[in-house]
Amino acid sequence: MNYNSNNFGQNNGGWDQDYGQPSMSPAAMQASKQAASSQTLGIISLILTIICCPLIGLILALMARGRAKNAKLLMGFEPHEARTGRICATVALIIALVSIVISIASIYFYMQILAEVYEDLFAM
């Protein structure tokens, strides 16, 4: 048995010898990155939507849902990260849409009240 020889060029069963992790195809690596970014964007969109910025949260939620869909298409199944991103993005999307609708309605009603007050003041 020769302990000084290396294993370059030998099939090691799909495992990366340096890190002990399975080697991935470029498509699988791209899908994994898409799933991870979907999760990150989904969580950030949920936080921003709840705290301060529903419009930015809406945009990030749409991006997260798109990346989750891409990861699912590339892998053939939905990874856990993509599922987490999709769920967080869906919740953020619903909250953002409700918040935007309420904001528009309140601005409309306040403008109506302001118009009535303006008419009462200057109707003389």
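Throughout, read-outs are computed from the coordinates displayed, never taken from laboratory work. What you are looking at is a predicted structure, and each value in this text was computed from that prediction instead of being measured. A quick note on method: Cβ atoms are made from the backbone with ideal geometry, for glycine too, and the neighbour counts reach across all protein chains shown.
Below, the figures for the structure above:
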quantity	calculated
Efficiency of FRET from Cβ geometry, Val98 and Glu119, R₀ 30 Å, rounded to 0.05	0.40
Whole-Å semi-axes of region 27-119's equivalent ellipsoid (Cα gyration tensor)	38, 9, 8
Cα-projected label distance for Lys33 with Val91, points at 7 Å along beta-carbon direction, nm	2.8 nm
Residue-span extension gain [Ser25 to Leu73] - 0.36 nm each, minus C-alpha spacing	15.8 nm
